[in-house]
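**Q** This is the structure I want to talk about, given as structure tokens.
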Amino acid sequence: MANVHHEAAVRHYIKALILFRNRLEEEMDKQSPRSLFIVSLLLITFELLQGDMKSADSLITRSITLLKHALKLHRQEGLAQQIQAPRPLEDDMEDMEHLLPLISIMGGYTPFLLSQSSNIQLWDTTCGMDLPHAGQSSISKLDIQWNKFHALAVAFIGATMNFQTLPLPQQRETEQQKTLLLAQLRVWQTEFDSWCGAGKTCVEPAHMRTLQIMQIQHQTLLICVSCCLDATDMMYDDFEAEFHVLLTRCVKYLRESRPTYLFTLSTSILSALLVVVNRCRVHNIRMMAAGIIRQIQWREGAWEPALMLNGKLGGVLMEERSRNEDGFVPSDCRWFWAATEWEVGRKQLIATYARAAPDASGQPVNKTLVLDTDKIIDVCSDIGCRLDHDIEHLDLLSGTR
């Protein structure tokens, strides 16, 4: 805070927002779904920008509860009897309804929005999803359709985290759904290829950037859906070529159209690059992705680049220290970032990591690292790597460990 007057102004502003939010909830029956949706996004955005993750977490959950009848992805058990009247045209939310589920789902992949990891069960990943029709009339319409599919697929990946504990019949259903999603991703690939083939002649630059983001998200889903049922994380090793393609597309996007915004509720390349850092065990590819994230100036919802990168690099550091003579990371040395505690006064992040493989008795294995929030972990210096992982050397470094 600049001074006591600034502090008082912010305090009154926050109080006004709370009063407004409470009044909105009291009069929700009088509000259109679209109005409730837009105001909810504004309030969530404010809390995220303020860095108040606890309030943002609560707001997201309360907004989902308020709007559950209007969100097609929300599970409808117990809601079927409450037949909703058709929404007026002006209340149609087709172009934006994916945003709230996506904010919740992506927030669940961070240690900052604690309720959202459990909220993953709210989303019905078996609901029908229209596929693109050949010769879709515009990129804008394709983008709306893709955003809904993308949210569903990301929800599916999140819901598979407890796959190993499911009864056998549910495991089979999940495996069938994975097969269906991969088939749908192939249909989307054909559509994207069609647009890219015509891109130089009939697609405007702004729409081409949208298409690039869809392709990056598609490639990320292709990798993650393929591997999400493998509790050991070993299957990701078969996707080195796909990781390289994903990294190349992110580099191309940044070179051609570096975003100028500082905050977005959508996803672009940050989440894709963090997947490369976390899941690709080819040292040069993952460290090049980490280098690109260091250049990113914008936030994607709860995903703040420096904090997310530092948290992921804690697990990467333990993995890189554990490589055997062949450069391989064994299954019992693979880690993912599971939880976080803040030491605000000391500017420290206490990060807990869970090992992909349990111990001999089947119990989870955790480790804790204390991270400096002002200093990104230098993995290469720690392990004695002297290579330059600048993106200019992408082609030279691919395929090497």
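Read the figures in this text as sums done on the coordinates, not as results from a lab. Values in this document were obtained by computation on a predicted structure and should not be read as measured data. Don't worry about glycine lacking a Cβ; one is built from the backbone with ideal geometry, like all the others, and counts go over all protein chains shown.
**Q** If each residue's Cβ is checked for other Cβ atoms within 10 Å, how do 237, 193 rank with the fewest at the top?
**A** 193, 237
**Q** Place a point 7 Å from Cα of residue 326 in the direction of its Cβ. Which residues in segment 276-309 have their backbone N less than 16 Å from it?
**A** Within reach of a label on residue 326: 281-283.
**Q** Using the number of other C-beta atoms within 10 angstrom as an exposure proxy, rank 321, 34 with the fewest first.
**A** Arranged by neighbour count, lowest to highest, 321, 34 become 321, 34.
**Q** Mind listing which GluC sites (Glu not before Pro) in segment 298-355 are in a DSSP loop and have 12 or fewer other Cβ atoms within 10 Å?
**A** Counting only loop positions with at most 12 other Cβ atoms within 10 Å, the GluC sites (Glu not before Pro) in segment 298-355 are 325.
**Q** Given 0.36 nm per residue, what is the gain on full extension from residue 141 to residue 94 after removing their alpha carbon distance, in nm?
**A** 15.9 nm
**Q** If you wrap a convex hull around the Cα atoms of segment 140-248, how much volume per residue is inside, in Å³?
**A** Dividing the Cα hull volume of segment 140-248 by its residues yields 101 Å³.
**Q** Now for a different question. Starting from the 7 Å offset along Cα-to-Cβ, what nm value, one decimal, do you get for the label separation of residue 42 and residue 360?
**A** 6.1
**Q** Here's a follow-up. Scan segment 249-297 for chymotrypsin sites (Phe, Trp or Tyr not before Pro) in coil per DSSP, keeping those whose Cβ has at most 16 other Cβ atoms within 10 Å, and list them by number.
**A** Here the sparse-neighbourhood loop sites are 261.
**Q** Okay, next question. Quick check: residue separation of residue 14 and residue 339 times 0.36 nm, minus the Cα distance between them. What number comes out in nm?
**A** Answer, rounded to one decimal: 114.2 nm.
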